[in-house]
Amino acid sequence: MKQPKKCGPKNTRGFTLVELTVAMFVLTVGVLGGMIMIVLGMTRDNTNRMDTTATNAAQAVLEQIAAVPASTSPTLTVTDCVPSTHFVTTAGTAGLGSGATLDGNGNVDFQSAAVAGYEIPYAVCGNNKLIATYNVRWHITTLPGGGKLVIVAAGHPTIYNKSHAMAYIAPVTLRTIVGL
């Protein structure tokens, strides 16, 4: 009597438990790595959004100061989205200048105490009805040629509320020369 032929090769076997465990470990490492990349991407997206908003806040104050002739030094009023009215001093002095304390690189030093008249809490309203308040500070130096060097910086809310910060975000600094 003849035995019927079996279909397929004779040495066909399934996965062993060790091979299955190794495959699951490799898959798990790959999925977790992808999840970490997604979280990092979301964090960078939030940081970029905050940088853009801080730039807009600093630019709003800078444009108000730059619109004043360099030969005058009136106190301006700036209104944010809340709306809150803030007073902006435009007086500068020769030499070291007036206003917010500068660090060794010429940037506004947010670790130093605020100087009255040269700092405002500027609120920016989002589409989702959330309000972020940026600390905007400025420094004005009167130049020998009659113009003014204006440095305006906006510190992010996470600088002052470190419990919610995922990472340090440097303040945004803008500079312009007025009246030359």
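The values are calculated or read from the model by the stated rules, or taken from the named source; none is laboratory data. In this text, all values refer to a predicted model and were calculated from it rather than measured experimentally. Cβ atoms come from the backbone with ideal geometry, glycine included; neighbour counts cover every protein chain shown.
Among the conditions (1) surrounded by 15 or more Cβ atoms within 10 Å (Cβ to Cβ); (2) in contact (Cβ under 8 Å) with a residue 40 or more places away in the chain, the only one that CYS81 does not satisfy is (1). Out of ALA66, ALA70, ALA57, one residue alone is surrounded by 12 or more Cβ atoms within 10 Å (Cβ to Cβ), within 20 Å of the chain's Cα centre (by Cα) and closer than 26 Å to THR141 by Cα. It is ALA57. Taken over segment 96-112, residues that are outside any strand (DSSP E or B) and touching a residue at least 12 places away in the same chain (Cβ under 8 Å) amount to 8. Assess whether GLY104 counts as being exposed (fewer than 10 other Cβ atoms within 10 Å of the Cβ), closer than 30 Å to TYR168 by Cβ and either out of contact with any Pro (no Cβ under 8 Å at 6 or more places or on another chain) or at pLDDT 90 or above (or both). Here the answer is yes, as GLY104 does meet what is asked. Does segment 86-95 include one or more residues that are part of a strand (DSSP E or B), under 16 Å from VAL172 (Cβ atoms) and in contact (Cβ under 8 Å) with a residue 12 or more places away in the chain? Checked segment 86-95: no residue is part of a strand (DSSP E or B), under 16 Å from VAL172 (Cβ atoms) and in contact (Cβ under 8 Å) with a residue 12 or more places away in the chain.
Within segment 129-152, the set of residues being within 19 Å of SER84 (Cα to Cα) and surrounded by fewer than 21 Cβ atoms within 10 Å (Cβ to Cβ) comprises LYS129, LEU130, ILE131, ALA132, THR133.
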